[in-house]
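Encoded as structure tokens, the structure appears first; notes follow it.
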Amino acid sequence: MPTESPTLKHGERGWKTATFVIFVGTGITYASWVTRTPAIRSSLGVGTGDMGLIILGLSIGSMAGLLLAGPVVARIGARHVITAAAAVASLGLFTVGLGSGVAIAALVGLGLAFTGAGFGMCEVALNVEGAAIEKRMGRSFLPSLHGAFSLGTLAGAGLGAIAELFDIPVPLHLGVLAVVVLVSSGSVVALLPPATGREITRPRRRAGISGGLTVWRDTRIVLLGLIALGMAFAEGSANDWLPLGIVDGYGVGSATGAAFYVVFVAAMTSGRLLGGRVVDRYGRSVTVRWSAALAVAGILTVILAGNLILAAVGCALWGVGVALGFPLALSAAADSGADAARRVSAVSTLGYMAFLVGPPLLGLLGEQFGLMQAFYVVLAGAVLAGLVASAAGEARETDEVPLAEEQICSK
């Protein structure tokens, strides 16, 4: 990480603020629909298994958005991708609400696919923006952005809970949210530079799929992908299974399980919002290594403690441990070569694959062996991330490139 860098100018502070606000907005949007899943399931009259198949549309759309975003950002820049992603996600939210209102499961699944595609595209583009801001500032910023997403999920969950409390119809809730996202995104996105991440000298024939696959020849990108995979798996598994694991493993009620999950989320959010100074002082690789160690200690404590107080401490360590690994892997990917958008897309894909595929796999293992025993697989993911943490180290400094566009040299 550079020791000196120009401070952000007045207009560029708007760039930083806009990126932060959009991250908060994505968190609000995601959590708002998640909190309405019980109401959507009731309106459709389906069981949990069928609801799982419907939600699969979100996973498919997310993966498609992640895979598509890298090449598109490289061609037209992150701002245009974020604008398109907001429109796609808004269409998806409206369709989910409509499908719930008319009780058509296929329509809800289609809406979730559009919503997931918007989220996936926006995720890559926002991380490219955040990495560019980091380079300009000369200090860590991506962890704070992911902390902003966590703050957004808390706010979105609160809004969704209020909607549930007052029995606001799902079509009205998600329809209004879709309009707000579409309208507000235009004014916020206007503060972003016009072409962050755009490649400007790569020959057109290499800018397609082959260009996207080329990044995987870089061993460092593969190792960064493993960091993202291990830490995202640890985070996603806690999001989906920690409350139930506490209930089953410690024989407590659902409210206690939820309280332990709040401890995890609060610790993770705090780690992301406050961890930038740690990264700036000790570097990415050291931070990832110690983060993985904290995650391992936390998961082991939750599994073995046998005591609620110690288990709460374990949840806090687990949350702090997974807070920085994924965003730092993305930061290192953007800093590891010229084609930042493609590299961020590649690492994001592995990380979000762990988010989407890992928790269902853990559920199957939990059914067979119990969730506490299944958490040992999560432990292995954190260990893997720690073992390859050196890949997140700072890259050698290169000549400075334009902020709004990424200079790519032809070979």
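(1) surrounded by fewer than 17 Cβ atoms within 10 Å (Cβ to Cβ); (2) of a type outside the set (Ser, Thr, Tyr); (3) under 23 Å from Asp248 (Cα atoms): which one isn't true of Gly298, the others all being true?
Of everything listed in (1) surrounded by fewer than 17 Cβ atoms within 10 Å (Cβ to Cβ); (2) of a type outside the set (Ser, Thr, Tyr); (3) under 23 Å from Asp248 (Cα atoms), Gly298 misses just condition (1).
Of all the residues that make up the range 89-108, how many are of a type outside the set (S, T, N, Q) and surrounded by 21 or more Cβ atoms within 10 Å (Cβ to Cβ)?
Going through the range 89-108 one residue at a time, the tally reaches 8.
Report yes if Ile162 is free of Cβ contacts under 8 Å to residues at least 12 places away in the same chain, over 12 Å from Val34 (Cβ atoms) and not in a helix (DSSP H, G or I), otherwise no.
No: the conditions fail for Ile162.
Show the residue pairs that are 6+ apart or on different chains and have beta-carbon atoms under 9 Å apart, the first residue being within the range 167-185 and assigned by TED's automatic domain parsing to the domain that holds Arg36, the second being among the basic types (Lys, Arg) and in a loop (DSSP other than H, G, I, E, B).
Pairs that qualify, where the first residue is assigned by TED's automatic domain parsing to the domain that holds Arg36 and the partner is among the basic types (Lys, Arg) and in a loop (DSSP other than H, G, I, E, B), are Val170/Arg36; His173/Arg36; Leu174/Arg36.
Given (1) buried (at least 20 other Cβ atoms within 10 Å of the Cβ); (2) of a type outside the set (A, V, I, L, M); (3) within 26 Å of Arg13 (Cβ to Cβ), where does Gly138 come up short, assuming only one miss?
With (1) buried (at least 20 other Cβ atoms within 10 Å of the Cβ); (2) of a type outside the set (A, V, I, L, M); (3) within 26 Å of Arg13 (Cβ to Cβ) applied to Gly138, the lone miss is (1).
If you check Leu223, Leu242, which single one turns out to be aliphatic (A, V, I, L, M), closer than 16 Å to Val383 by Cβ and surrounded by 17 or more Cβ atoms within 10 Å (Cβ to Cβ)?
Leu223
Filter the range 248-292 down to residues that are free of Cβ contacts under 8 Å to residues at least 60 places away in the same chain and over 30 Å from Ala332 (Cβ atoms), then give me how many there are.
11
Of the conditions (1) at pLDDT 85 or above; (2) assigned to a helix (DSSP H, G or I); (3) farther than 25 Å from Ile22 by Cα, Thr214 satisfies every one except a single condition; which number is it?
Just one mismatch for Thr214, condition (1).
Would you mind finding the one in Glu367, Glu405, Glu394, Glu400 that is of a type outside the set (Gly, Ala, Ser), under 13 Å from Val288 (Cβ atoms) and at pLDDT below 90?
Only one candidate passes the filter, namely Glu394.
From (1) surrounded by fewer than 22 Cβ atoms within 10 Å (Cβ to Cβ); (2) touching a Leu at 6+ places or on another chain (Cβ under 7 Å); (3) within 21 Å of Gly351 (Cβ to Cβ), pick out the condition that doesn't hold for Ala64.
Only one criterion in (1) surrounded by fewer than 22 Cβ atoms within 10 Å (Cβ to Cβ); (2) touching a Leu at 6+ places or on another chain (Cβ under 7 Å); (3) within 21 Å of Gly351 (Cβ to Cβ) is unmet by Ala64, namely (2).
Pick out the one residue from Leu364, Leu330, Leu308 that is surrounded by fewer than 22 Cβ atoms within 10 Å (Cβ to Cβ) and touching a residue at least 40 places away in the same chain (Cβ under 8 Å).
Leu308
I'd like to verify a number: residues in the range 87-133 that are out of contact with any Gly (no Cβ under 9 Å at 6 or more places or on another chain), farther than 23 Å from Val183 by Cβ and not β-branched (Val, Ile, Thr), how many?
Number satisfying all stated conditions: 2.
Hey, among Ala178, Ala161, Ala155, which residue is in contact with a helix residue (DSSP H, G or I) (Cβ under 7 Å, 6 or more places away or on another chain) and surrounded by fewer than 22 Cβ atoms within 10 Å (Cβ to Cβ)?
The unique qualifying residue is Ala155.
The values are calculated or read from the model by the stated rules, or taken from the named source; none is laboratory data. Predicted model only: the values in this text are computed from it and were never measured. A quick note on method: Cβ atoms are made from the backbone with ideal geometry, for glycine too, and the neighbour counts reach across all protein chains shown.
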